[in-house]
Amino acid sequence: MTLSPFDWLIIIVYLVGCMAAGLWMRRYVKGVEDFAVAGREMNVNLGIASLAATEMGLVTIMYTAQLGFEKGLAGASIGVIMALAFWIVGRTGFIIGPLRMAGVMTIPELFEKRFGGRVRWLAGLFVVLGGLLNMGIFLRLGGEFLVWATGLPPSWLEWVMTGLLGLVLIYTALGGMLSVLVTDYLQFLVMGVGLVLTSVLVLINVGGFDLVDSLQAAWAGAGGMKMASHPFNPFHGSSLGWGYLLWMLLLQIAAATTWQTVISRVLAAKDAATARSMFTRTSFYFVGRFLLPGLWGAAAFVYFANQGGLPEGTTSLTAMPQYLGVILPVGIIGIVIAAMLAAEMSTDSGYLLTWATVIYNDLVTPCLRKPLSPRGRLLLTRLLVLGIGVFLLFYGLWYELPGNAWDYLAVTGNIYLASVFTLLVGGLYWKRASRTGAYAALILGAVGPVTFLLLGKQFAIAPEVAGTAAFTLAAAGLIAGSLLKPNRATAA
């Protein structure tokens, strides 16, 4: 489908408005704390909008739709697990309460107080490694959606990616967290309209509850394509399975308390109570985060099954945007594309700022003999945002996914989630956790995910095996290292 002039007008108006709002906030940035954590003045409502917008990117739409295409509605069970994890953490204040009260800008900064500067630096390295590898496919998947949904030539994908990244870099590098929070709020509103509108039109197209019968028929082998996974039961052996779901539970609790883009909102909140309220009130949102795009993916499967199969060149990842490009009418497709751009921009800006802040705060600053001036610190952080953008542009062009997009994101995040989560629990709640145990947890926790990324395709390593191994090895390393070589004060 080719966009009409009216569709392009909707998209351009949105982009101009978003850029103007982001650039406007530049005038309020006076230092690194304003740039990185918005002066720690974020209230609950703004926090909810920012957290929801950042964690609902176009890459989220793509991988959840791919889960819906491959697993049916069973794929949405991951969203239920995620919602439960955020609700529990918000209700109890587990980790996020003491973390906010510590007054730090990043998680590794907390580790220096307990385990020393070298542990902080190593933790920062793993956080950045996992975060950048995780974000590496965002632009590729965003470009895939825009190309397939709008009918643009595939050769334009790289240019679409470059242009989109350029817009985000401009306002993120200038306005930092203040720009991110304001644009997140706008993007949250636009994205909400797009999600609901698209879901209604998809349900109309598939005949509402007829989708259930169609998926059941596809599972039974009727129609043009057979669904290999049970479309409704995530515990079924052909679907996600018990082992995978248990890994998801571990991963989501770790992500709720450790994922730096989430924690950056905790650290920007007015106080610990605000952070806890933000988590509990946002938790339900994560069900829809998986369910609605998963519904689109499942509907795309039914649509192409009725057409006799996928067109040449279409994959489980690109089927959903191609399907939307067929069923959405003129005007509506413009609103949906604007909503997807909103999702992409909010996620990219939040992630760029987060990883730049960690590099500045935990990798560069500890190595400086003389502290930089306030102006120098702000300039360096802005340059790091630009540098990360360049890395992401090139990495996204050549890396080949070893499986589906969600598994890649979960495993790359696991590079530091397992180790840093284990270290946070030990550092905050176990007095005997030692520096040696911290080193062991960080290193061993990264073994499983890195092995999967390097050798996963060659040796058919299941992602849940690599992910669960990361948590097991990190916990074993912390406990064994701490008991074998306790800190001197603890030993005395």
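Each value in this text was obtained by applying a stated rule to the coordinates, not by laboratory testing. Everything numeric in this text was worked out from a predicted model, so none of it was measured. Neighbour counts run over all protein chains shown; Cβ positions are idealised from the backbone, glycine included.
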Testing the spin-label approximation: label points 7 Å from Cα along Cα→Cβ at Lys113 and Leu249. State their distance in nm. 3.2
When the Cα atoms of segment 406-445 are enclosed in a convex hull and the volume is divided per residue, what value in Å³ results? 49
Net dipole in debye of segment 192-290 [+1 Lys, Arg Cβ; -1 Asp, Glu Cβ; about Cα centre; nearest 20]: 380
Ranking Tyr244, Tyr429 by Cβ neighbours within 10 Å, fewest first, what do you get? Tyr429, Tyr244
Which is farthest toward the positive dipole end of segment 402-492 among Trp430, Leu444, Leu454, measuring Cα position about the Cα centre, with Cβ charges +1 (Lys, Arg) and -1 (Asp, Glu)? Trp430
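Quick check: net charge around Leu15, other residues with Cβ under 14 Å of its Cβ, Lys/Arg +1 and Asp/Glu -1? Numbers along the way, then the final one.
Working: positive: none; negative: Asp7, Glu344, Asp348.
Cβ neighbours under 14 Å give a net charge of -3.
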Evaluate E = 1/(1 + (r/R0)^6) for Ala480 and Val212, where r is the Cβ-Cβ distance and R0 equals 51 Å; express this FRET efficiency to the nearest 0.05. 0.55
Once all Cα-Cα distances of segment 355-478 are split into 5 Å bins that start at 0, what whole-number percent is in each one? 2, 11, 15, 15, 15, 16, 14, 8, 3, 1, 0
Remind me, relative contact order of segment 402-492 in percent, using alpha carbon pairs under 8 angstrom and six or more residues apart? 41
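Please report the net charge: other residues with Cβ closer than 12 Å to the Cβ of Phe394, K and R +1, D and E -1.
Counting the neighbours of Phe394, the net charge comes to 0.
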Environment charge of His236, counting only residues whose C-beta is closer than 14 Å and scoring Lys/Arg +1, Asp/Glu -1: 0
What's the extension gain from Lys226 to Leu455 if we count 0.36 nm per residue and subtract their Cα-Cα distance? 79.5 nm
Which length gain, in nm to one decimal place, applies between Thr162 and Ala102 when the Cα-Cα distance is subtracted from 0.36 nm times their residue separation? 17.8 nm
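Relative to the Cα centre, what is the charge dipole magnitude of segment 402-492, using +1 at the beta carbon of each Lys and Arg, -1 at the beta carbon of each Asp and Glu, and rounding to the nearest 20 debye?
Numbers: 6 positive and 2 negative charges, 103 e Å.
Using only the charged Cβ atoms, the result is roughly 500 debye.
Starting from the Cα-Cα distance between Leu386 and Leu152, subtract it from 0.36 nm times their residue separation and give me the gain in nm to one decimal.
81.5 nm is the gain from fully extending Leu386 to Leu152.
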